[in-house]
Amino acid sequence: VYNYGNNQTVWIRGIDSIHDIEDFMASLRIFMLVAFLVLVIFVGIISYRMLQRALKPVDSICKSVDQIRDGNNLTNRLSIPEKKDEMYKLAMTFNDMFQRLEESFENEKQFTSDVSHELRTPIAVLISQCEYMLENEQLSEDDKMGLSIILRQANRMSKLISQLLMIARSENGTLKLSYEEIELHMLIEMVSEELEEKATKRGIEITIDGAKEIYISGDQSLLMRVFLNLIDNGITYGTDNGWIHIHLEKQEHNAVISIEDNGIGISKTNLEKIWNRLYQVDQSRSHGMGLGLSMVQWIVKAHHGTIHVESELGKGSKFIVHLPFTL
Ligand code: ADP
């Protein structure tokens with residue numbers, strides 16, 4: 001409004017387009033939206049990084065615990081962070097737990113080893129006393145039968161105790177292998193002769209063929225246990241009037257011994273489990289405790305060898321042992 005003389009007033013009206021302002025506002029909105037999104041993403045990334053950094057010690061503790069679990073080695077410990085914060089407490093708690101676990105496992109192994117050892121003498125006395133009494137001609141048939149049953153069970157107990165003792169010793173590292181030169185063919189013949197009577201009772205024929213004069217460096221009594229167990233299993237899980245074929249072969253660095261039977265066989269689902277301690281497919285058929293094969297596997301590994309099985313349910317099983325000539 002403009003005033004000039006005679007009270008005259010002039011109105012000036014201006015017209016301007018608001019189009020530009022609307023455009024500006026729209027751009028501003030888009031800009032704000034993009035800026036907001038960028039900010040959200042930025043804050044997200046920063047928080048993730050910070051969280052990751054904060055949780056890194058937890059991650060490293062988890063990895064170390066996994067390593068201890070996978071390596072089955074309870075003597076390992078977590079490294080303790082220098083800063084005495086929550087991570088320090090967590091690592092200390094884990095280490096304390098590992099310490100207690102290790103101690104309780106050690107005590108258990110020592111206990112098994114001590115008990116087995118203490119049981120050996122009374123069982124040996126029981127066996128020799130039964131054998132001595134059975135020699136007495138004046139015993140009635142009933143008494144003889146009773147004593148034979150006691151003797152059989154005592155022998156079985158003695159076998160189980162020696163398996164337990166061996167496993168306990170192998171675990172606590174007190175089982176030392178004494179190496180000597182062994183001729184495998186002869187060793188296997190000796191073992192088969194020992195089991196001949198048991199096999200004949202079921203009409204099972206044991207045959208040995210293949211390479212002779214295979215010399216390896218090994219612990220004779222432990223290797224005898226390997227073949228005793230495998231052939232004994234071939235008889236126990238064999239069929240009446242069946243067979244067990246033992247084949248020996250020389251490879252470049254290894255002796256290969258296969259023990260095959262035409263017995264009940266093992267189903268695919270049980271093939272992996274038979275090596276586990278105390279695992280038995282059919283408890284009623286077994287005369288043991290399911291310790292034999294885990295002991296066999298330990299001995300073969302201690303000789304840097306390998307053992308595996310091929311089997312078909314209802315047809316039979318073949319255990320194949322590879323033993324290096326020299327360690
Ligand atoms: P066990 O004392 O029961 O014989 P082992 O450790 O020697 O224990 O064997 C574990 C299980 O593997 C046995 O209970 C049996 O079910 C199975 N097994 C072992 N050898 C044979 C075989 N030659 N034929 C069929 N099954 C077998």
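The values are calculated or read from the model by the stated rules, or taken from the named source; none is laboratory data. Because the structure is a prediction, the values reported are computed rather than measured. Positions of Cβ are backbone-derived with ideal geometry, glycine not excepted, and every protein chain shown enters the neighbour counts. Please note that ligands, DNA and RNA were not included when accessible areas were found on the heavy atoms of the full protein model with its side chains. Shrake-Rupley method; radii C 1.70, N 1.55, O 1.52, S 1.80 Å.
Some notes on this structure:
- The conditions of being surrounded by 17 or more Cβ atoms within 10 Å (Cβ to Cβ) and aromatic (F, W, Y) are not met by W275.
- Residue list for the stretch 63-79, restricted to those being open to solvent by 70 Å² or more (accessible area, probe 1.4 Å) and more than 22 Å from N172 (Cα to Cα): K63, S79
- When S221 is tested against the conditions (1) of a type in the set (S, T, N, Q); (2) farther than 24 Å from L278 by Cβ; (3) not in a loop (DSSP other than H, G, I, E, B), the lone failure is (2).
- Residue identified as of a type in the set (G, A, S), without any contact (Cβ under 8 Å) to a residue 60 or more places away in the chain, out of contact with any Lys or Arg (no Cβ under 7 Å at 6 or more places or on another chain) and more than 15 Å from the ligand (Cβ to nearest atom) among S221, S217: S221
- Odd one out for A302 among (1) within 8 Å of the ligand (Cβ to nearest atom); (2) surrounded by 15 or more Cβ atoms within 10 Å (Cβ to Cβ): (1)
- Residue within the stretch 170-179 that is touching a strand residue (DSSP E or B) at 6+ places or on another chain (Cβ under 9 Å) and surrounded by 13 or more Cβ atoms within 10 Å (Cβ to Cβ) present: yes
- When residues of the stretch 268-280 are limited to those that are touching a Gly at 6+ places or on another chain (Cβ under 9 Å) and not in a helix (DSSP H, G or I), the one nearest to the ligand (Cβ to nearest atom): Q280
- L160, sole failed condition from (1) under 29 Å from G290 (Cβ atoms); (2) loosely packed, with under 14 Cβ neighbours inside 10 Å: (2)
- Residues satisfying the stated conditions in the stretch 281-299, i.e. away from the ligand (no atom under 11 Å from the Cβ) and either assigned to a strand (DSSP E or B) or open to solvent by 30 Å² or more (accessible area, probe 1.4 Å) (or both): W298
- The number of residues in the stretch 100-112 that are open to solvent by 70 Å² or more (accessible area, probe 1.4 Å) and free of Cβ contacts under 8 Å to residues at least 12 places away in the same chain comes to 5.
- Flag if K250 is more than 8 Å from the ligand (Cβ to nearest atom) and more than 20 Å from A211 (Cβ to Cβ): no
- Entry remark, the stretch 262-314: residues being under 22 Å from N172 (Cα atoms), touching a residue at least 24 places away in the same chain (Cβ under 8 Å) and of a type in the set (A, V, I, L, M) number 8 in total.
- Among the residues of the stretch 235-261, those that are open to solvent by 40 Å² or more (accessible area, probe 1.4 Å) and part of a loop (DSSP other than H, G, I, E, B) comprise Y237, T239, D240, N241, Q251, E252, H253.
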